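For reference, the structure discussed in these notes is given below.
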Ligand SMILES: [Zn+2]
């Protein structure tokens, strides 16, 4: 367990609430698609594991996974006919809902390495210490080689109000790192402007391989919040909380965002961090996964399937 409660000395700036918008992403999805972000509704339907996908899976196996992990993009993102089964499974999970690709990110095969592609608009560069934490956490919890690639985004979106669809399209047309059968590419998007739904949304995870953050909204909050926001979004890509497994974790009971969050202020997956009260109420914001988070990450890495509840 790595639990850190650091004293927060946040210059709050305009941010009064840490709201990463995962629920907003859910709100915009169709009900059946939203259900796939909540494994509890699909428990039992999932039998495919990434390792199985790598080892000459029957067509029905790949289809089963794609059905539960990435229904909303299959029609528009169909890979070329020559794509291998493993690559197809990776792409479908990557293009699917948040958390659904955690098995491919954490399990040893078929994606034997990870690439973090950092897509940055001028004036919205990734925060170096926060990015270093993302890289070190990925190495720690996946035990895979992790490389980092920076890709520039076009300038000019200062003041823009981004929808998730626009962010997704931007990432898809700008990304340079090819996705392949033996690697998983995580896309981290850093843009000027704000989320269309609220200026209080500091970051948003909207797909299995991609999250976006809005440095204009949090740059003045201080390093602790910036790291927390960034690692929190990584946690969603890694399937936390119960976006991949179906633990029925009690600590999600009070999640006002409706899923993917912990009610433990000592976890980076805590659903809200309010810089104005953190110092007095909680003593600080955690930028670390808590013991339950780490147990889940270990279970996924060990081969747990989507929607499962391993002992
Ligand atoms: Zn979140």
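Residues considered: 229, 189. Of these, the only one that is within 16 Å of the ligand (Cβ to nearest atom), at pLDDT 95 or above, closer than 17 Å to residue 124 by Cβ and surrounded by 24 or more Cβ atoms within 10 Å (Cβ to Cβ) is 189.
Against the conditions (1) at pLDDT 85 or above; (2) in contact with a helix residue (DSSP H, G or I) (Cβ under 8 Å, 6 or more places away or on another chain), where does residue 290 fall short? Just the number, please. With (1) at pLDDT 85 or above; (2) in contact with a helix residue (DSSP H, G or I) (Cβ under 8 Å, 6 or more places away or on another chain) applied to residue 290, the lone miss is (2).
For the range 72-114, filtering for residues that are within 17 Å of residue 205 (Cα to Cα) and at pLDDT below 95 leaves 2.
Of all residues in the range 211-225, those being part of a helix (DSSP H, G or I), more than 15 Å from the ligand (Cβ to nearest atom) and in contact with a helix residue (DSSP H, G or I) (Cβ under 7 Å, 6 or more places away or on another chain) number 1. Checking each residue in the range 156-186 for being without any contact (Cβ under 8 Å) to a residue 12 or more places away in the chain and surrounded by 18 or more Cβ atoms within 10 Å (Cβ to Cβ) picks out no residue at all.
The values are calculated or read from the model by the stated rules, or taken from the named source; none is laboratory data. On a predicted model such as this, the values are computed, not experimentally measured, just so you know. Reconstructed Cβ throughout: ideal geometry from the backbone, glycine too, with neighbour counts over all protein chains shown.
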